[in-house]
Amino acid sequence: MKQGLATVLRNEPLKERVYRMEVKVEDSLSLVQPGQFYYIHVNDSTAPLLRRPISIHDVDLNNQQLTFIYRVEGEGTKRLCQKKPGDLIDLLGPLGNGFSDPKLQDKRKVVLIGGGIGIPPLYYLGKHLIEKEFQVTSLLGFQSKQESFLIDEFLSLGETRIATIDGSLGIKGTVLDLIHDQLDDWQVFYSCGPKGMLRAIQQKYFFDQSIEGYLSLEERMGCGIGACYGCVVKVDSNYDPKGYKKVCSDGPVFPFREVIL
Amino acid sequence: MKQGLATVLRNEPLKERVYRMEVKVEDSLSLVQPGQFYYIHVNDSTAPLLRRPISIHDVDLNNQQLTFIYRVEGEGTKRLCQKKPGDLIDLLGPLGNGFSDPKLQDKRKVVLIGGGIGIPPLYYLGKHLIEKEFQVTSLLGFQSKQESFLIDEFLSLGETRIATIDGSLGIKGTVLDLIHDQLDDWQVFYSCGPKGMLRAIQQKYFFDQSIEGYLSLEERMGCGIGACYGCVVKVDSNYDPKGYKKVCSDGPVFPFREVIL
Amino acid sequence: MKNRLEVKLGDLVLKNPIMPASGCFGYGREYAKLYDLRLLGAIVVKATTLEERLGNPTPRIAETPSGMLNSIGLQNPGVEAVIKEELPWLSQFQTPIIVNIAGTLVEDYVAVAEKISAVPEVAMIELNISCPNVKCGGITFGTDPKVAYELTKAVKEVSKVPVYVKLSPNVTDIVSMATAVEEAGADGLSMINTLIGMRFDLKTRKPVLANQVGGLSGPAIKPIALRMIYEVYKNVSIPIIGMGGITSAEDVIEFFLAGASAVAVGTANFIDPYVMPKIIQDLERVLDEMGVGQISELTGEGWNYQ
Amino acid sequence: MKNRLEVKLGDLVLKNPIMPASGCFGYGREYAKLYDLRLLGAIVVKATTLEERLGNPTPRIAETPSGMLNSIGLQNPGVEAVIKEELPWLSQFQTPIIVNIAGTLVEDYVAVAEKISAVPEVAMIELNISCPNVKCGGITFGTDPKVAYELTKAVKEVSKVPVYVKLSPNVTDIVSMATAVEEAGADGLSMINTLIGMRFDLKTRKPVLANQVGGLSGPAIKPIALRMIYEVYKNVSIPIIGMGGITSAEDVIEFFLAGASAVAVGTANFIDPYVMPKIIQDLERVLDEMGVGQISELTGEGWNYQ
Ligand SMILES: Cc1cc2nc3c(=O)[nH]c(=O)nc-3n(C[C@H](O)[C@H](O)[C@H](O)COP(=O)(O)OP(=O)(O)OC[C@H]3O[C@@H](n4cnc5c(N)ncnc54)[C@H](O)[C@@H]3O)c2cc1C
Ligand SMILES: Cc1cc2nc3c(=O)[nH]c(=O)nc-3n(C[C@H](O)[C@H](O)[C@H](O)COP(=O)(O)OP(=O)(O)OC[C@H]3O[C@@H](n4cnc5c(N)ncnc54)[C@H](O)[C@@H]3O)c2cc1C
Ligand SMILES: Cc1cc2nc3c(=O)[nH]c(=O)nc-3n(C[C@H](O)[C@H](O)[C@H](O)COP(=O)(O)O)c2cc1C
Ligand SMILES: Cc1cc2nc3c(=O)[nH]c(=O)nc-3n(C[C@H](O)[C@H](O)[C@H](O)COP(=O)(O)O)c2cc1C
Ligand code: FES
Ligand code: FES
């Protein structure tokens, strides 16, 4: 974890409201694991006041470049999308615990399950897993073809299945509809997306004792580093007697059985 | 009075902390009188919240360009000085009542008395008076040579005397020390500068029945257009029984005998 | 089709819920140069007192993060001048006029209310029991339920138009203030007035405001206003005009969810003089996005959180 | 040369007046990874209760203009765990430790105070009578002078260290709260805690916070904090630790001018985790610009405005 300034290299829309931003950082800011995030100061005013958490989408270690993909939601991301090449932005990070490698090294079949703006962080994870010679399948869900993005990137990692709510690309339905129960023998899954989706995935696999799985969560944050107890998630008391863990510092990624969504 | 966007053409330091900003506006925003001001929105956030009043320094009516000269004081002017060519800024104006022409057309000898950042608005006034064939003398006071500015511009209008507190340029002293009581037979004066200076000028000339004089005042503003009663100045009850006038809409320029400083 | 923005304050129908907050719009003359005041749901004028008031010395304004302090001190020409010089002019806009009234003694309030409510153009009185600027009984009216009760009752007795009581947020228990004035016969509530705050100038080492303290308004106070309206809404059955930091149509919706039936926009006029017409225009879009027919349906909806 | 930033809180000497605000710094472990906590004037830890508390459901945080709302709900591991696991670790920094304590009943507070003040590392207790988040008597302690008096007295009787009472700003009359706890023997005051506020989510039409309301902190509340400290300073003779929206050395000076003898920085840590060391470094420059020798000379200077 470090605080420092990054220089914006590019900041352009991928799709309506979805931006890709590349920044150049100092050395230590780029030592990031898949699933970690940066806490970004979007302006030099007190309104909006708080930083905004954005996950790492890709890293170019040689050139010390970080890529973020974010959707414009409100005040903070609106300001972010106005940054121009050459502008400086203040980053705090990398923060949190990212996606762990599969615990057992003989589990080689991995599936990435992403919904909407939850998809970008899975890309750097996928790249990382491919490097370590895991076999990666990606399941991606969007609202529509119009709102889809990053498909080529995921195709470059391996098999990629797409679902859209309106059926305009891939199958019609959600990410869960991309799972063929009979055929898919994934040993590990990693998922990021809206809470409802994560909950459905958790339920789907909860009683499958052989699967290992990780969920990347979002919660409203204050400090971003574990000091304020603002971003807690309820955890199953079998896993932690304290009842709550912090998304910012204990997560954002949790073993899927631990958290109560 | 109009609200509209202006495009920044240039925004560069004249001296340390003193900036000159040129903007391009729509037609009606440029119909400004000497001594009027614009109420400038310095950012798109609620902090800082209020607009900032800045007087007109010069106007190029043909090209619809306005020039402001401002000193960086706090949050608002700091943001203003960060604007780059091409940026848009939101102006409300022109506001207030500027410098009136001398009441009697046979009063041809005019003196402009400016202190520090009060000097810029006198320039457009001077240009305007020269056009109308008044004879203009300028008395300018600065802290030091280092902090002086606009001297060539005023020299182009006519006789210009300079005082600096540290004596590094012109005579050592204040603007008041530039007045040679015996020789100067000015019939009208216009002054802008710190309150203490205006008060001294007011006292100096108060019992000189033949002189006509105007002071440009500053006061902290809310609405800038006369609605909130935030920016009042006490007026002599001989001139106005109500006791207070509004700097933003009745002023910022007042006949020097009217106001109680 | 029905006007989606129409709201009711008791029997008074407003074409939309947007009005200026008292003291932030003068008597409308300045803003009337910028747009047609007929656009507004109602027009609320500055606090009017029995006699002319000169207000406080300057500086009267200071800026704070997302807010501002004012210590205008109720400067106004007095009730007679308002009736003669301002109301006839304002009546041309055929838009309900609400007059904010203030005073030092109960008798002052009663006298102003009697006079002003007799003017046919006046649709409603807003009883300012909360202005923190005048060194007088004003602050007590607004912070003691019993005193507020007495004042409201006295004004109600003479007023020929509905009386809305404008509550001060500088209290421990806003609900007891609200229920006290409701019991006294208030037809509705306006909330909130400004919070008391101050700033210091590092150079002079003194308070920035000549009056030392002033009223804090603007976006900074919005969360406090929403909370107070939310609490009060559940405990009264009279309508609430909400205010405190509104700058956008989205803010207006938050105030409705909290319990407001109409809203006033104050400080935001100083930043964007066209803010009220803009909000009125934006509201339909926001209602569409939310899938809401009439804005009035949203009043107090924020309570249905379970 | 004398340390210009040194201040005294009663007999306790601080090398500088900067400390974290309770609840905004955890137990220091996170910030200790970023800088040496020895730099701080004092370390203030989260509210400690008798038993462990799990706090409120999420969302616990919402943003507001120049401010934020929190409804953490006093999550903490309980006094025994704090004594065993946190304080020994914190003592390595050889910087005065102030423990904020909270509870539901007077007996809870007394039990926590007794235990925690017996720990040699603890320099001071900060009595949190004002946390608005827990649905309990907490809010009453902080809004009724008599109840605050009784609580303070009971805690003073058992505490082996000075007791500072942290006042809630959600009151009509902050001075009567301050004088009541002073009379009860409080060694000093901390002010202000958060104001109660809320936000609504237009999509869900519900309050953003699961707890509906939360505590408003950050720059938005600074003018209110300054005003309350200013009023209280003139009416008590015990020192005040000032807080509420401090983000810069200039803000610190404003709090001193209002009447603070030391200050706490809360929300600003979330925006810039290095804010406290930066402020400490900046203070000397600001004192130079003001021509002030010792920062302690400025306490209450804002009162000399005539
Ligand atoms: C660990 C983590 C990683 C994230 N990674 C990404 C990413 O890679 N790309 C991306 O587009 N978005 C990501 N998000 C969500 C992103 O942080 C929010 O969309 C963003 O903060 C919204 O800010 P805003 O000002 O635009 O919206 P506003 O609604 O104006 O925000 C208001 C407040 O709510 C908070 N908030 C709003 N939505 C969320 C949310 N979903 N989660 C947490 N806080 C929220 C904001 O931080 C802010 O404090 C991530 C969130 C978390 C917690
Ligand atoms: C009619 C008028 C014309 C002006 N013309 C010029 C000009 O041409 N060039 C120039 O450099 N300055 C001018 N000023 C002063 C200028 O407006 C202030 O210096 C500026 O507002 C300071 O803002 P800030 O955010 O940098 O300082 P801050 O100190 O952070 O401002 C805080 C608040 O105080 C107000 N304020 C601060 N100083 C003044 C002041 N002297 N007068 C009024 N309000 C103040 C600000 O507007 C703001 O609301 C003029 C002021 C007025 C009233
Ligand atoms: C400059 C100014 C003057 C005000 N004068 C009055 C007044 O005369 N009577 C009154 O009841 N409220 C007065 N108020 C309070 C506003 O009507 C309103 O309640 C408050 O400002 C909160 O709304 P806002 O945040 O939208 O400004 C005044 C506020 C400001 C900023
Ligand atoms: C996340 C958070 C948690 C807090 N927890 C406590 C607490 O446990 N005890 C307490 O007395 N005050 C608590 N506070 C209040 C702060 O200590 C402080 O009084 C307040 O936030 C104002 O200061 P600030 O504006 O600098 O944050 C908390 C504030 C925040 C933002
Ligand atoms: S955001 Fe503060 S603990 Fe996670
Ligand atoms: S600033 Fe509002 S009346 Fe002048």
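Bear in mind these aren't lab numbers, they're just calculated from the coordinates by the rules spelled out. Everything numeric in this text was worked out from a predicted model, so none of it was measured. A quick note on method: Cβ atoms are made from the backbone with ideal geometry, for glycine too, and the neighbour counts reach across all protein chains shown.
Calculate the mean, over all residues of peptide D:245-255, of how many other protein chain Cβ atoms lie within 10 angstrom of the residue's Cβ. Show your work: numbers first, answer last.
On the way: counts 4, 0, 3, 0, 1, 3, 2, 0, 3, 8, 1.
Rounded to a whole number, the mean comes out at 2.
Could you grab the Rg to Rh ratio for segment D:48-182? Cα atoms only, Kirkwood for Rh.
Dividing the radius of gyration by the Kirkwood radius yields 0.98.
What does the copy distance list look like for A:N62, label position 7 Å along Cα→Cβ, in nm and ordered from shortest?
Listed shortest first, these distances are 5.7 nm.
Kindly provide log₁₀ I(q)/I(0) values, in the same order as q = 0.22 Å⁻¹, from the Debye equation applied to equal alpha-carbon scatterers of segment A:45-89.
-0.91
Translational diffusion coefficient of segment B:109-219 at 20 °C, 1.002 mPa s, Stokes-Einstein with Kirkwood Rh over Cα pairs, in µm²/s as a whole number. Before the final figure, lay out the partial values.
Numbers: Rh = 13.8 Å.
It diffuses with D of about 155 µm²/s by this estimate.
Let's test this: bin the Cα-Cα distances of segment A:2-95 at 5 Å from zero up to the farthest pair and state each bin's percent.
Using 5 Å bins, I get a P(r) of 3, 15, 27, 30, 18, 7, 1, 0 for segment A:2-95.
For Cα pairs less than 8 Å apart in space and 6+ apart in sequence, what is the mean separation divided by the residue count of chain C, i.e. the relative contact order in percent?
On the way: 706 pairs, mean separation 58.5, N = 306.
Computed value for chain C: 19 percent relative contact order.
Work out how far the C-alpha atoms of chain C reach from end to end along every principal axis, then list the three figures in whole Å, largest first.
Here the Cα extents, ordered largest to smallest, are 53, 47, 42 Å.
In debye to the nearest 20, how big a dipole does the protein assembly as shown give about its Cα centre with +1 on each Lys and Arg Cβ and -1 on each Asp and Glu Cβ?
Values: 116 positive and 134 negative charges, 52 e Å.
Its charge dipole is roughly 240 debye.
Using unit Cβ charges (K, R positive; D, E negative) and no other charged atoms, how large, in debye to the nearest 20, is the dipole of chain C about its Cα centre? Mind showing how you got there, number by number?
Details: 27 positive and 34 negative charges, 141 e Å.
So the dipole magnitude of chain C works out to roughly 680 debye.
Taking the Cα centre of segment B:2-95 as origin and charging only Cβ (+1 Lys, Arg; -1 Asp, Glu), how large is the dipole, in debye to the nearest 20? Don't skip to the answer; put the middle values down first.
Values: 13 positive and 12 negative charges, 56 e Å.
Here segment B:2-95 has a charge dipole of around 280 debye.
Considering only C:M276, C:M198, C:M19, give the residue with the highest GNM mean-square fluctuation for chain C, with springs between Cα atoms whenever their separation is below 10 Å.
C:M198
List, in the order given, every pair from B:K245/D:K222; B:K107/B:K242; D:K2/D:K278; A:K15/A:K109; B:K127/B:K234 whose Cα-Cα distance in the structure shown is over 23 Å.
Details: B:K245/D:K222 31 Å; B:K107/B:K242 31 Å; D:K2/D:K278 21 Å; A:K15/A:K109 31 Å; B:K127/B:K234 31 Å.
Check vs 23 Å cut-off fails for B:K245/D:K222; B:K107/B:K242; A:K15/A:K109; B:K127/B:K234.
Would you calculate, for chain C, the mean residue ellipticity at 222 nm contributed by helices, counting each DSSP H stretch of 4 or more residues as -39,500 (n - 2.57) and dividing by all residues, to the nearest 500?
Numbers: 10 runs with 90 residues, N = 306.
Result for chain C, helices only: -8500 deg cm²/dmol.
Which whole-number percent of Cα pairs in segment C:262-306 have a distance greater than 16 Å? Before the final figure, lay out the partial values.
Numbers: 504 of 990 pairs.
Every Cα pair in segment C:262-306 considered, those over 16 Å come to 51 percent.
How far, in nm to one decimal, is B:Q146 from itself in the other copies if the label point is set 7 angstrom along Cα toward Cβ? Shortest first, please.
6.2
Net charge near A:V235: determine it from the other residues with C-beta under 9 Å of the C-beta of A:V235, scoring Lys and Arg +1 and Asp and Glu -1. Walk me through the intermediate numbers first.
On the way: positive: A:K234, A:K242, A:K245; negative: A:D236, A:D240, A:D250, A:E258.
Charge balance in the 9 Å sphere: -1.
Counting C-alpha atoms alone, how compact is the protein assembly as shown: give Rg to one decimal and Dmax as a whole number, in angstrom.
Spelled out, the Cα radius of gyration and Dmax of the protein assembly as shown are 31.4, 108 Å.
Lys/Arg Cβ at +1, Asp/Glu Cβ at -1, dipole of chain B taken about the Cα centre: which of B:S191, B:Q209, B:A47 is farthest positive-ward?
B:A47
Could you compute the net charge surrounding A:Y190? Neighbours are other residues with a C-beta less than 11 Å from the C-beta of A:Y190; K and R count +1, D and E count -1. Present the calculation step by step, with values, prior to reporting the outcome.
Numbers: positive: none; negative: A:D101, A:E212.
Result for the local shell: -2.
What does the charge count near B:V25 come to, summing +1 for each Lys or Arg and -1 for each Asp or Glu among other residues with Cβ under 12 Å from its Cβ? Present the calculation step by step, with values, prior to reporting the outcome.
Numbers: positive: B:K2, B:K24; negative: B:E22, B:E26, B:D27, B:D60, B:D90.
That works out to -3.
Rounded to the nearest 5, what is the percent of antiparallel bridges among the DSSP beta bridges in chain D? Walk me through the numbers before you get to the answer.
Numbers: 17 of 42 bridges.
Here the antiparallel bridges make up roughly 40 percent for chain D.
Quickly estimate the mean residue ellipticity at 222 nm for chain A, helices only: each DSSP H run with n ≥ 4 gives -39500 (n - 2.57), and the total goes over all residues, rounded to 500. Let's see the in-between values first.
Details: 4 runs with 35 residues, N = 261.
Counting only the DSSP helices, I get -3500 deg cm²/dmol.
Let's test this: bin the Cα-Cα distances of segment B:165-261 at 5 Å from zero up to the farthest pair and state each bin's percent.
2, 12, 21, 21, 17, 11, 8, 5, 2, 0
Taking a label point 7 Å from Cα toward Cβ, how far is B:R199 from its twins in the other copies, in nm, shortest first?
Inter-copy label distances (nm, one decimal, shortest first): 6.7.
Compute the helix-to-body angle for A:120-131: its Cα long axis versus the longest principal axis of chain A, expressed 0 to 90° and rounded to tens.
Here the helix axis deviates by roughly 70 degrees.
For chain A, what is the percent of antiparallel DSSP beta bridges, rounded to the nearest 5? Spell out each step's value before the answer.
On the way: 38 of 63 bridges.
That works out to approximately 60 percent antiparallel.
What helices does chain D have that are whole DSSP H segments, at least 18 Å long along their own axis by Cα, and with mean Kyte-Doolittle hydropathy of 0.0 or more?
Values: long enough: D:145-158 (20 Å, -0.16); D:275-290 (21 Å, 0.08).
Helices meeting the span and hydropathy rule in chain D are D:275-290.
Let me confirm one metric for peptide B:235-242, namely the mean number of other chain beta-carbon atoms within 10 Å of its residues' beta-carbons. Intermediate results must be reported in sequence, preceding the final value.
Working: counts 0, 0, 0, 0, 0, 0, 1, 4.
Mean partner-chain Cβ count within 10 Å for B:235-242: 1.
Viscosity 1.306 mPa s, temperature 10 °C: what is the translational diffusion coefficient of chain A from Stokes-Einstein with a Kirkwood Rh over Cα pairs, rounded to a whole number of µm²/s? Before the final figure, lay out the partial values.
Details: Rh = 18.7 Å.
The Stokes-Einstein estimate is 85 µm²/s.
Normalised by the number of residues in segment A:109-219, what is the relative contact order in percent for Cα pairs under 8 Å and 6+ residues apart?
Numbers: 199 pairs, mean separation 31.9, N = 111.
For segment A:109-219, the relative contact order is 29 percent.
Tilt of helix A:195-205 relative to the longest C-alpha principal axis of chain A, in degrees (0 to 90, nearest 10)?
Long axis of A:195-205 versus the principal axis of chain A: about 30 degrees.
Which whole number gives the average, over all residues in C:21-33, of C-beta atoms from other chains lying within 10 Å of the residue C-beta? Intermediate results must be reported in sequence, preceding the final value.
Values: counts 0, 0, 5, 4, 3, 8, 1, 1, 4, 10, 4, 0, 3.
That average works out to 3.
Report relative contact order for segment B:2-95 in percent, whole number only (criteria: Cα-Cα under 8 Å, sequence separation at least 6). If you can, show how the numbers build up before the last one.
Details: 212 pairs, mean separation 39.5, N = 94.
Relative contact order comes out at 42 percent.
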